[in-house]
Amino acid sequence: MSLFGTNTGFGSGGTGVFGTTTTDSHNPMKDVEVTSPPDDSISCLAFSPPTMPGNFLIGGSWANDVRCWEVQDNGQTVPKAQQMHTGPVLDVCWSDDGSKVFTASCDKTAKMWDLNSNQTIQIAQHEGPIRTIHWIKAPNYSCVMTGSWDKTLKFWDTRSPNPMMSLQMPERCYCADVVYPMAVVATAERGLIVYQLENQPSEFRRIESPLKHQHRCVAIFKDKQSKPTGFALGSIEGRVAIHYINPPNPAKDNFTFKCHRSNGTNTATPQDIYAVNAISFHPVHGTLATVGSDGRFSFWDKDARTKLKTSEQLDQPITACCFNNNGNIFAYASSYDWSKGHEYYNPQKKNYIFLRNAAEELKPRNKK
Amino acid sequence: MGRKKKKQMKPWCWYCNRDFDDEKILIQHQKAKHFKCHICHKKLYTGPGLAIHCMQVHKETIDGVPNAIPGRTDIELEIYGMEGIPEKDMEERRRVLEQKTQENQKKKQQDDSDEDDDDEEPGPSFQQPATTIQPQAAYAPMTQPGMAPVPAPGMPPGSYSGMPPMMPGVPPMMPGMPPVMPGMPPGMMAMSRMMPPTHGMPPMMPGMPPGIPPPMGHHPGIPHMAQAPPAATRPAVPATTVSTPQPSISKPLFPSAGQMGTRAPSTSSGSSSLDSLSASSKPLSQVQQAASGVAVSSTAPPSAAPKPTFPAYTQSSATAAANTSSAVAKPGTSVTSKPATLTTTSATSKLIHPDEDVSLEELRAQLPRYQCKIPSSGQAHITSPPVAAMGGVMPPQQGVPAQQPGVRHPMQGPYGAPPQGVPGYVPGGMPPYGQAPPMVPPYQAAPPRPAIGMRPPVMSPGGRY
């Protein structure tokens with residue numbers, strides 16, 4: 001099939017005419033744009049769990065709001081609802097049954113949003129901005145875990161105003177991930193703690209960081225039996241570490257790889273090293289996606305240790321990403337992440353959330 | 001210089017004029033660089049073998065040996081290691097080597113006298129040639145015991161500022177090396193290590209010098225050169241070595257047990273560069289291109305030759321260099337246990353991040369525009385921004401009026417408990433709500449604070465948003 005100069009209807013969402021010269025750098029990948037994006041940088045994205053039909057996307061932003069869109073099968077996005085905090089929203093998550101959304105904000109509170117009634121109630125309180133929020137569903141208990149810059153990790157039963165448990169961390173919480181029965185929290189000063197959640201949450205191990213720079217994002221991956229077995233940790237230095245909790249051969253199994261860096265071969269100019277803003281694992285293939293301050297996303301196969309794809313460069317950093325529950329959709333947000341300081345912040349610049357078909361591009365590479 | 005044993009000179013590659021310490025390593029190099037099929041990456045043993053493979057398997061013809069210098073691309077010459085090299089080329093090589101040795105010696109004498117004459121220290125650049133030339137001349141005996149003296153000259157204080165503290169004398173340049181010359185035996189690097197400071201043409205490394213940062217991490221490999229393992233992992237060298245900086249930086253210089261192949265990193269994670277490893281899939285352009293670039297231009301010393309290592313790193317591999325430099329700068333600049341340095345900037349890389357100690361979100365959250373709105377007298381101000389934003393943006397919303405009547409905070413009483421957690425809001429929020437005594441403060445963070453249920457009628461949520 002000839003690709004050039006023919007209207008083949010290529011691409012998703014775009015006009016799809018190959019050979020079109022209008023490359024708008026805000027969407028060079030020609031992915032589907034989500035309608036009514038937030039007015040300020042998007043800090044987090046989360047798709048609804050498989051327990052509820054359809055795909056609903058939640059996005060929290062620095063405009064203090066949390067928005068919900070329905071993503072239809074034809075790619076159309078319909079804004080559904082919105083809630084507010086009094087401070088920027090830093091993290092969001094869904095309950096396991098898909099009926100509630102939990103939101104964490106700089107206003108030091110976390111809220112539970114009942115989507116059916118469209119009501120929110122406050123369920124958590126910290127002494128500093130809450131950076132991470134995750135829903136934990138254990139056989140014998142359920143709760144919300146919040147990690148804050150006040151150096152505590154608290155667990156909340158949504159019915160009670162006092163935390164069920166409060167664990168002290170060595171430093172401010174920067175990112176976390178939960179896949180029962182494991183939770184990983186990365187803190188400031190390159191702290192890294194793994195918690196085990198069976199019976200009740202408790203600290204399992206403090207790990208010496210495999211990275212040499214500030215931790216920025218973390219995502220747990222599972223083994224073939226769908227048991228959490230390790231995590232990917234991203235830093236501000238364009239590097240991701242793949243770390244197994246109990247590998248047969250740590251020296252060989254654990255590794256790091258560089259990503260989100262500029263002009264590799266052009267040795268005349270210094271290489272720009274960008275932060276890895278988020279990591280997401282494909283729920284089916286186990287391959288991972290990373291998004292960075294350089295405005296690109298990349299797909300990787302950690303088992304074959306290869307890169308699967310890197311996108312074109314967007315004109316803004318990519319601040320958040322996530323896969324939907326069956327791995328068909330990859331959502332990523334394009335907005336300013338402060339990586340170049342406040343001078344480069346333009347409140348007028350539009351923020352975007354893009355959706356991309358992820359069914360094919362994230363298939364693992366066969367090991368040679 | 002050479003060991004003066006094998007054929008009166010060190011094994012060298014006829015295709016690209018590079019020198020190697022050991023013939024085994026030379027052969028690995030040839031297999032990886034010259035006898036490797038560009039289509040399926042299969043490594044053959046000879047040039048003709050490669051030609052036949054391409055013809056039979058891929059139905060393609062090749063014109064010449066890949067990565068060979070002009071004049072040495074003959075695909076039909078059966079050369080394996082040092083065998084098969086035409087006699088006239090051997091002689092030519094010997095002559096060239098002798099010339100170079102003489103040149104170096106002369107230069108050394110010159111530099112020596114320069115130093116003597118000057119009252120002040122001319123600087124690291126001058127010191128280097130002097131000190132390094134000596135090891136050069138005495139290279140043969142020094143190869144192994146050379147490890148010791150090598151670090152000394154190799155540590156030009158000027159060029160590696162910050163590094164010495166890191167490694168016992170040897171900057172972690174190594175990472176840069178392998179990527180540049182996959183297949184180059186560590187010994188090669190050790191030799192060239194002394195080269196960099198030399199501005200001229202180090203006898204055996206035409207074109208190498210600039211691209212050869214002191215291969216510190218690989219020193220352990222040098223004594224073990226004879227061993228097969230490094231050879232076996234040669235193709236993976238770029239990958240393994242590129243990542244070496246990580247472990248080697250944190251460990252002492254010669255993890256002899258580690259070597260290139262086994263590389264037992266001190267940190268809990270073994271590291272290998274995923275980028276460069278992907279030879280079969282998306283190729284990591286940096287490594288391979290840089291490597292082939294150097295290989296091809298073997299005779300032309302890159303312009304970075306006179307400068308100390310940094311440019312060399314850049315040339316060898318941006319990734320490794322960046323890796324190195326950022327790693328290097330860290331130990332150099334931060335004396336504290338954790339690398340709490342500011343943006344790492346070096347000649348080769350730049351971290352696009354304002355401050356290492358604080359996260360981007362923390363920086364941003366400090367701005368006044370992002371301070372949490374206190375619903376004190378600010379009922380008005382709380383409402384306005386959201387209303388404006390929402391009204392304009394989300395017209396199709398169903399059931400989510402800006403006012404959000406649903407936002408209520410029923411748990412007033414209990415939430416009064418952790419008031420200590422919200423001191424920040426007290427000043428602003430308290431006075432107006434004098435009436436709502438203890439309940440209010442806890443809800444500072446919550447928008448409809450006034451409507452805290454203590455007196456819903458008073459602060460009608462209607463006006464909230």
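Over 19 Å apart: what share of the alpha carbon pairs of the stretch A:170-240 falls there, rounded to a whole percent?
Tail fraction, whole percent: 29.
How much mean residue ellipticity at 222 nm does chain A get from its helices, if each DSSP H run of length 4 or more adds -39500 (n - 2.57) and you divide by all residues, to the nearest 500 deg cm²/dmol?
Here the helix-only value at 222 nm equals 0 deg cm²/dmol.
At R0 = 51 Å, how high is the FRET efficiency between B:Gln366 and B:Cys40 if r is their beta carbon distance? Nearest 0.05 is fine.
0.40
Given the pairs A:Lys363/B:Lys42; A:Lys258/B:Lys350; A:Lys108/A:Lys137; A:Lys258/A:Lys302, which span a C-alpha to C-alpha distance of over 18 angstrom in this model?
A:Lys363/B:Lys42; A:Lys108/A:Lys137
Residue by residue through A:167-177, how many Cβ atoms from other chains fall within 10 Å of the Cβ on average?
1
Place a label point 7 angstrom from the Cα of A:Lys137 along the Cα-to-Cβ direction, then list the residues of the stretch A:166-200 whose backbone nitrogen is under 19 Å away.
Inside the label zone: A:177-184, A:197-200.
Would you please classify the overall shape of the stretch A:46-146 from the alpha carbon gyration tensor, given that a ≥ b ≥ c denote the square roots of the eigenvalues, rounded means a/c under 1.5, and beyond that prolate means a/b larger than b/c while oblate covers the rest?
It is oblate, given that a/c is not under 1.5 and a/b is not larger than b/c.
At a Cα cut-off below 14 Å, give the aspartates and glutamates reachable from A:Lys252, other chains included and same-chain residues fewer than 8 away excluded.
Output for A:Lys252: A:Asp303.
Give the relative contact order (percent, whole number) for the stretch A:102-198; include only Cα pairs under 8 Å separated by 6+ residues.
19 percent
Test of understanding: what is the full-extension gain from B:Asp355 to B:Gln99, defined as 0.36 nm times their sequence separation minus their Cα-Cα distance?
Values: separation 256, 0.36 × 256 = 92.16 nm, distance 5.21 nm.
Extending this stretch completely gives an extra 87.0 nm.
Test of understanding: ordering B:Val57, A:Val92 by Cβ neighbours within 10 Å, fewest first, what list do you get?
Taking fewest neighbouring Cβ atoms as first place, the list is B:Val57, A:Val92.
For each of A:Met112, A:Met29, count neighbouring Cβ atoms within 10 Å of the residue's Cβ, then give the residues from fewest to most.
A:Met29, A:Met112
Using the structure shown, list the pairs from A:Lys212/A:Lys309; A:Lys154/A:Lys307; A:Lys30/A:Lys111; A:Lys227/B:Lys373; B:Lys33/B:Lys59 with a Cα-Cα distance above 32 Å, or answer none.
Violating the 32 Å Cα-Cα cut-off are A:Lys154/A:Lys307; A:Lys30/A:Lys111; A:Lys227/B:Lys373.
Pick out, in residue order, every one of the GluC sites (Glu not before Pro) in the stretch A:273-368 that is DSSP loop and has at most 10 other C-beta atoms within 10 Å; say none if there are none.
Working: sites: A:Glu312, A:Glu343, A:Glu360, A:Glu361; in loops: A:Glu312, A:Glu360, A:Glu361.
Sparse-neighbourhood loop GluC sites (Glu not before Pro): A:Glu360.
With a cap of 10 neighbouring Cβ atoms within 10 Å, and only residues DSSP puts in a loop, list the GluC sites (Glu not before Pro) found in the stretch B:4-102.
B:Glu76
Which of the trypsin sites (Lys or Arg not before Pro) found in the stretch A:131-205 are in a DSSP loop and have at most 16 neighbouring Cβ atoms, other than their own, within 10 Å?
Answer in residue order: A:Arg159.
How many nm separate the modelled label positions at B:Asp74 and B:Lys59, each set 7 Å beyond the Cα in the direction of the Cβ?
So the label points at B:Asp74 and B:Lys59 sit 3.2 nm apart.
Can you compute the FRET efficiency between A:Thr35 and A:Met164 using 1/(1 + (r/R0)^6), with r the Cβ-Cβ distance and R0 = 30 Å? Round to the nearest 0.05.
0.15
Taken together, the values in this text are just the output of simple stated rules run on the coordinates, not laboratory data. Quick caveat, the model's predicted, so the values are computed rather than measured. All Cβ positions, even for glycine, are placed from backbone atoms using ideal geometry, and neighbour counts span all protein chains on display.
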